[in-house]
Every structure is written in C-alpha cells, then in structure tokens.
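These notes concern the structure reproduced below.
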Amino acid sequence: MDNYVRIFDTTLRDGEQSPGATLDAQDKLEIARQLARLGVDVIEAGFPAASPGDFDAVARIAAEVGTPGGPTIAGLSRATPKDLQAAADAVGKAAKPRIHMFLATSDIHMEHKLHMTRAQVLQRTSEMIALARSLCPDVEFSPEDGSRTDPAFLHEVLAAAIEAGATTLNIPDTVGFSTPTEIAALVRDIIAKVPGADRCIISVHCHDDLGMATANTLAALEAGARQAEVTINGIGERAGNAALEEVVMALHTRQSKYNLRTGIDTTQLLRSSHLVAGRTGISVAPNKAVIGGNAFAHEAGIHQDGVLKHQATYEIMRPESVGLARSRMVLGKHSGRHAFRKRLEELGHENLSEETLQHAFRRFKQLADQKKTVTDADLETLVADEIYQPPECYILRGVHVSCGSPSIPTATVTVTTPDEPDLIGSATGTGPVDAVFSAVDRVVGMRVELEEFAVHAVSGGAMALGEVTVRIRTLDEARRRFSAHGADMDIVVASARAYIAALNKAAVAAGIRPAGTKTITEETSAAVTAEIASVT
C-alpha cells in the first residue's frame with residue numbers, strides 16, 4: 001500500500017442532499033472549480049438520473065472542470081441500466097470519468113427497502129458492475145449500509161464486484177452506526193480476506209449521526225483504506241458526512257502518527273468553506289473544527305498571553321495553513337492586559353503612557369462586561385477618550401436619569417470639584433440629555449452655552465458603543481469655544497462624559513486647578529495646550 005490518500009469530495013451530491021441545501025447548475029459549477037483548485041482527486045458531481053437539472057450540471061462539470069490533469073468526475077447511479085447509462089452520458093466528456101454505483105447489502109435494507117434476497121443482490125451486483133464497466137473504464141461500487149452488513153456476505157458481494165470490473169470499493173457507514181475500532185477491523189478484514197482486494201482502492205464513506213464520522217474515516221485510513229469520501233463543512237444527509245477539512249488537517253497535522261498524505265492545497269480550505277456555506281445557505285458553527293470562526297480565536301487571557309509569546313502553546317495548526325491571515329485575539333471580559341496592549345499597538349498606539357493604558361484597560365473591562373466582544377472601533381474610541389481628555393477639574397462620579405412619557409425628564413449627577421468631593425445636583429430638562437447638562441451646570445457653576453451636540457454608534461448592533469461630541473462656548477468676556485467627546489454604551493452617560501470634558505477644557509483655560517485625581521500625561525497636555533492656543 002502506498003501512503004497517498006485520495007480525497008473523494010461528495011459536496012455536490014451527498015452534501016446537496018442536506019435539507020434546505022439545493023444548488024443550481026451555476027452554483028455547482030462554481031463549487032466544482034473551487035474543489036479543483038483545492039486539489040481533490042474525485043468530484044462526485046451529482047446523481048444524473050435524479051433530474052434533468054442534475055444531469056446537466058454533472059455534464060457541465062465534466063466538460064469544464066474534468067480537464068486533463070484535473071480531478072476525476074464521478075456520477076452516482078443506482079444498480080439499474082437506465083441510471084448507469086445516464087451516469088455514463090453525464091460524465092462522458094471528462095478526461096477521467098467515473099461511475100459510482102451503489103446497492104444495499106444489509107439485511108434490513110434488503111428486506112424492507114429492496115425486497116430482494118442475498119442471491120438476487122449478488123447477481124444484480126455482478127450484472128450491473130459489468131454493464132457499468134462496459135460504459136466507463138473507472139467504476140466504483142458501494143454496498144450501501146456496508147457497516148451493518150453481515151461481514152461474510154459483504155466479502156462475497158465485494159468479491160463479485162471485483163470480478164465484474166470494479167476498480168474502487170467503497171465501504172459506506174451509511175447511517176453513522178460504526179465506531180473507529182469496528183470500521184478499522186472491517187477494512188482490515190476486507191483487505192485480508194476479499195479475493196482481488198489488492199487490485200482495488202478501498203474507500204470509506206462515513207456519516208456523523210453519532211459524531212464519529214471524522215474519527216471513523218481516520219481509523220479506516222489507518223487500517224489501509226486509501227480513499228476518503230468527504231464533504232466541505234461536513235454537510236450531508238441528516239447529521240452530515242465526514243468533513244474534508246477535518247480529515248485532511250488531521251492527516252497533515254498528525255503526519256508522524258498517520259504517515260499519510262493528500263494532494264490538497266490546505267490554504268484553499270477556508271475559501272472553499274465560505275463558498276459552500278454561501279451557496280448552500282448552511283452556515284458554519286463558530287466552534288467548527290479547522291474552519292469555524294473561533295478555530296483560531298482566543299479570548300481567555302491565559303491563552304492570549306501564551307499565543308502571543310509562542311503560537312504553539314495553544315494552536316496545533318498555523319492559521320495560514322488553512323487560508324486564514326492570522327489568529328484572532330477576541331477582546332472580551334476574559335482578556336488580559338497583554339492582549340489588550342498588543343492590539344492597541346497593532347492599531348498604532350505604541351507609545352501610550354502607563355497611566356493612559358491603565359485607564360483605558362479599566363474602561364475596556366467595564367465595556368466587555370456589558371458587550372461580550374469589543375471591536376477595534378470600540379478600542380479606538382476608548383483610547384481617544386482617554387488620550388484627549390483634559391486634566392480633570394471636574395470628575396463625573398455618577399448619573400441617574402428618569403424620563404418617559406408623560407413624565408418630566410429629571411437627572412441627578414454626582415461630580416467631584418476642586419473644592420468639594422461628590423457634590424450632587426439635580427435638574428429637569430426637555431429631555432434626558434438636557435436634564436443632565438442642567439444638573440452638571442448647577443454643580444459646576446460655570447456659565448456656558450451648548451452650541452453643538454452630535455451622537456453616533458461606534459459599531460453596529462444594539463450593544464454598540466455610543467460616541468457623543470459636544471461644543472460649548474463660555475459666556476465670559478473671552479467667549480471661547482471648546483469641543484470634547486465621550487463614549488459609553490449608555491448614550492446619556494456618554495453625553496455627560498463629553499460635557500464634563502468640554503467644561504474641563506474651559507476650566508484649564510481659565511486657570512482652575514485640577515481636582516488632583518489624574519496626573520496630566522504628555523499627550524493630554526499637548527492636546528489641551530494645542531486646542532487652547534487655537535481658540536480665538
């Protein structure tokens with residue numbers, strides 16, 4: 001036995017049989033082209049006798065994708081002359097055509113579905129394989145429900161198929177009933193006991209009803225099978241098939257264990273997954289192995305710290321090997337300071353002071369407790385909110401608002417000033433924001449008027465971080481203008497932060513001393529000085 005494993009992709013046939021996953025001819029052709037780029041050995045393009053549309057799709061794929069040097073193009077067929085002829089006609093223009101014929105061999109299928117005896121199934125197998133071989137030089141035979149077939153009878157049927165001209169013997173675990181040890185033993189017995197088995201490729205086709213499709217496929221390959229029938233994203237009947245990406249990357253990653261190789265270009269796996277998901281409408285679960293959105297994502301602080309220090313601490317595959325640009329650090333409530341700092345550096349904030357970083361990290365944790373995942377846009381807003389804030393003459397400690405219809409909007413704020421800690425002020429207004437601003441004015445006592453107020457969502461969704469920008473003008477002789485912004489998931493709180501920040505700029509310009517709870521950083525001092533100098 002060589003160590004090359006042929007990858008037989010049945011996304012376009014068994015995969016399309018997933019409930020709700022109907023592909024038209026153009027969809028199938030596009031996916032087939034991608035499968036060829038991926039490097040699969042065999043594309044099972046469809047079931048030509050099933051419908052005129054499926055026949056046409058298989059014929060187009062055979063003509064346009066089944067070129068010399070390209071993959072084998074297979075068409076599925078029942079063990080009937082009509083089906084075999086349709087399959088032969090559909091794949092006929094491929095440089096390497098294949099007919100894939102199946103016939104059930106388990107007692108439960110023969111009795112309840114076929115209403116045939118073992119002798120009749122044996123005879124039908126011999127006759128139809130011979131006919132298929134007369135129509136096509138490459139014939140694959142599948143004893144349907146092979147994993148539940150009596151082993152002695154299975155050997156007899158396979159021997160008859162070989163004698164009639166089958167070139168590949170596929171052992172289907174049609175209902176996902178087998179276990180790794182059972183299917184490995186089944187394959188070993190076939191290789192050892194079926195006459196002529198050494199002249200054929202032994203294949204396996206495993207379903208995932210008990211969640212063991214990939215494990216069963218790998219066990220069969222380890223036992224001597226040299227073709228794996230798989231689908232992109234593991235789609236297929238009921239719980240699906242063995243996933244191509246899982247089987248291939250297991251062989252690739254655990255090369256020292258299996259000593260098996262494929263012709264797959266693994267860097268095309270993610271692209272193939274996205275194409276199939278988009279065309280079938282069957283999305284990929286975030287925790288899907290190899291190609292799921294979380295497969296190379298890390299949120300836990302311990303994991304992030306480990307990966308940043310050495311990728312292999314928590315990743316057994318390189319993200320680039322499956323077509324992903326890099327691992328993804330998901331910043332959430334479990335993230336640590338190392339990942340937070342690293343992401344800010346990647347966003348261009350390499351020279352933040354320790355104090356600014358500490359303030360930003362604390363606010364990041366508060367946001368992550370509410371939002372689960374913090375986006376890059378959120379981070380940019382948080383950092384800007386820290387960097388470009390003036391020295392805090394007035395510090396917002398709390399905001400409480402009551403509003404609605406027909407009640408009157410009322411706000412209560414708690415503010416620390418240079419002279420008094422935690423002063424409380426209340427006011428009403430035309431709306432909750434107006435009430436907050438009026439309450440702040442009562443505590444601060446600075447005469448200003450609001451010239452501009454703007455709010456926008458930093459990121460999408462109901463959990464978006466809101467950013468508010470305000471511009472005020474002092475009502476003293478100087479009549480100076482100051483702009484500031486604030487960010488929070490609560491728009492009213494963001495508004496209060498922005499308003500307090502603008503008042504702080506005015507206070508610094510007026511020579512009011514800071515409240516003493518925040519040291520003036522270099523970037524803050526430079527930003528405030530530049531703005532004050534520009535005021536006319």
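The values are calculated or read from the model by the stated rules, or taken from the named source; none is laboratory data. Just so it is clear, the model here is predicted, and its values are computed rather than measured. No Cβ is skipped: glycine too gets one built from the backbone with ideal geometry, and neighbour counts run over all protein chains shown.
The set of residues in segment 247-276 that are under 20 Å from the mean Cα position of the chain (by Cα) and closer than 19 Å to Asn170 by Cβ comprises Val247, Val248. Could you check segment 82-102 and list, in sequence order, the residues that are over 15 Å from Leu12 (Cβ atoms) and out of contact with any helix residue (DSSP H, G or I) (no Cβ under 6 Å at 6 or more places or on another chain)? Within segment 82-102, Lys82, Gln85, Asp89, Gly92, Ala95, Lys96, Phe102 qualify.
Identify, from the list Val399, Val448, Val458, Val493, the residue that is modelled with pLDDT of 85 or more, within 21 Å of Ala360 (Cβ to Cβ), among the β-branched types (Val, Ile, Thr) and touching an Asp or Glu at 6+ places or on another chain (Cβ under 9 Å).
Details: Val448 fails: within 21 Å of Ala360 (Cβ to Cβ); Val458 fails: modelled with pLDDT of 85 or more; Val493 fails: touching an Asp or Glu at 6+ places or on another chain (Cβ under 9 Å).
The unique qualifying residue is Val399.
Inside segment 228-243, residues that are surrounded by fewer than 24 Cβ atoms within 10 Å (Cβ to Cβ) and polar (S, T, N, Q) make up a count of 0. Restricting the search to segment 149-187, which residues are of a type in the set (D, E, K, R) and either touching a His at 6+ places or on another chain (Cβ under 9 Å) or within 17 Å of Ala225 (Cα to Cα) (or both)? Those that are of a type in the set (D, E, K, R) and either touching a His at 6+ places or on another chain (Cβ under 9 Å) or within 17 Å of Ala225 (Cα to Cα) (or both): Asp173, Glu182. State yes or no: is Ser178 buried (at least 18 other Cβ atoms within 10 Å of the Cβ), part of a strand (DSSP E or B), modelled with pLDDT of 95 or more and hydroxyl-bearing (Ser, Thr, Tyr)? So Ser178 does not fit the description; no. Filtering segment 336-376 down to residues that are outside any helix (DSSP H, G or I) and under 22 Å from Asp490 (Cβ atoms), which residue is modelled with the highest pLDDT? Looking at residues that are outside any helix (DSSP H, G or I) and under 22 Å from Asp490 (Cβ atoms), I get Val374.
In segment 266-281, how many are among the aliphatic types (A, V, I, L, M) and under 14 Å from Val40 (Cβ atoms)? It would help to see each step written out before you state the result.
Residues of segment 266-281 that are among the aliphatic types (A, V, I, L, M), as a first pass: 269-270, 275-277.
Keeping just the survivors that are under 14 Å from Val40 (Cβ atoms) gives 269, 275-276.
The qualifying residues number 3.
Specify the residue that is farthest from Phe153 (Cα to Cα); the eligible residues are those in segment 194-238 that are out of contact with any Gly (no Cβ under 6 Å at 6 or more places or on another chain) and of a type in the set (S, T, N, Q). Only one residue fits best here, namely Asn233. Counting only residues that are charged (D, E, K, R) and either surrounded by fewer than 17 Cβ atoms within 10 Å (Cβ to Cβ) or under 20 Å from Pro418 (Cβ atoms) (or both), how many does segment 481-514 have? Qualifying residue count for the region: 4.
Across segment 250-270, what is the number of residues that are in contact with a helix residue (DSSP H, G or I) (Cβ under 9 Å, 6 or more places away or on another chain), part of a helix (DSSP H, G or I) and not small (Gly, Ala, Ser)? Residues flagged as in contact with a helix residue (DSSP H, G or I) (Cβ under 9 Å, 6 or more places away or on another chain), part of a helix (DSSP H, G or I) and not small (Gly, Ala, Ser) within segment 250-270 amount to 10.
Given the criteria within 20 Å of Leu76 (Cα to Cα), out of contact with any Pro (no Cβ under 8 Å at 6 or more places or on another chain) and not aromatic (Phe, Trp, Tyr), does Leu131 qualify?
Values: within 20 Å of Leu76 (Cα to Cα): yes; out of contact with any Pro (no Cβ under 8 Å at 6 or more places or on another chain): no; not aromatic (Phe, Trp, Tyr): yes.
Against the criterion (within 20 Å of Leu76 (Cα to Cα), out of contact with any Pro (no Cβ under 8 Å at 6 or more places or on another chain) and not aromatic (Phe, Trp, Tyr)), Leu131 does not qualify.
Across segment 410-444, which residue is farthest from the chain's Cα centre (by Cα) among those that are in a loop (DSSP other than H, G, I, E, B) and crowded, with 17+ Cβ neighbours inside 10 Å? If you could, list the steps in order and put the result at the bottom.
From segment 410-444, those in a loop (DSSP other than H, G, I, E, B) are 417-422, 429-431; that's our starting set.
With the extra rule that they be crowded, with 17+ Cβ neighbours inside 10 Å, the set shrinks to 417, 429.
On the way: Thr417: 49, Gly429: 47 Å.
Looking at residues that are in a loop (DSSP other than H, G, I, E, B) and crowded, with 17+ Cβ neighbours inside 10 Å, I get Thr417.
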